[in-house]
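What follows is a set of notes on a single structure, which appears directly below.
FYI, it's all coordinate maths here, none of it is from the lab. Here the structure is a predicted model, which is why all the values come from computation and not from measurement. Positions of Cβ are generated from backbone atoms using ideal geometry, with glycine treated the same way; all protein chains shown enter the neighbour counts.
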Amino acid sequence: MNRIEHIGIAVNSVKSAANIYEKLLNTTVYKTEEVGSEGVLTAFLQTGVNKIELLEATHPDSPVAKYIAQKGEGIHHIAFDVDDIIAEMARLKDDGFILLNDEPKPGADNKLVCFVHPKSANGVLIELCQERR
Ligand code: ZN
């Protein structure tokens, strides 16, 4: 596992949250992208080496919609950059972590991703992400 790649924040509206975070970080959204498989609209901001991913549900069955219904807006996941997502998934599985997907799947911002169940990580949803080459 390398550095934290980004922090994901569940929001009701990417558009209004982007306004706030653009002011907060004094930067602009560099990418917005819909990820159909996850039922989310995402927007990314970068400040220094740090990235924030804003996540808005695109339908009521989206995991982000369920998250907001239960907990409200807020930090949704922490994503770690990995060099070899297959190897990291195997390592974590061998160590007893519950993975939410068996195969890496396409995520936002040109990544392959896998999620680790919050039950395995003290209540925090962890995302592994590998840059797609
Ligand atoms: Zn993410």
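In order along segment 33-40, phi translates into HN-Hα couplings of 7, 8, 10, x, 5, 9, x, 9 Hz, rounded to whole numbers, per the Karplus curve 6.51 cos²θ - 1.76 cosθ + 1.60 with θ = phi - 60° and x for Gly and Pro.
Relative to the longest principal axis of the Cα atoms of the chain, the long axis of helix 85-94 lies at roughly 60 degrees. In order along segment 61-76, the phi-based Karplus estimate (6.51 cos²θ - 1.76 cosθ + 1.60, θ = phi - 60°) of 3J(HN,Hα) comes to 8, 4, x, 5, 4, 5, 4, 5, 4, 7, 10, x, 5, x, 5, 9 Hz; Gly and Pro are listed as x. Within segment 1-87, the chymotrypsin sites (Phe, Trp or Tyr not before Pro) that combine a DSSP coil assignment with at most 12 other C-beta atoms in a 10 angstrom radius are TYR30.
Would you work out the relative contact order for the chain, in percent, from Cα pairs under 8 angstrom that are 6 or more residues apart? Across the chain, relative contact order equals 25 percent. Shown for the chain: lysine pairs separated by 8 or more places, or found on different chains, whose C-alpha atoms are under 19 Å apart, numbering 12. Rounded to the nearest angstrom and listed largest first, the equivalent-ellipsoid semi-axes of segment 63-120 from its Cα gyration tensor are 22, 15, 9. For the chain, the Kirkwood estimate of the hydrodynamic radius, built from every pair of different alpha carbons, is 15.1 Å. Helix 14-25 and the long axis of the chain differ in direction by around 90°, with both axes built from C-alpha atoms. Annotation: amide H of GLY39 has no partner in the under-5 Å range at sequence separation 5 or more or interchain, hydrogens built in the peptide plane.
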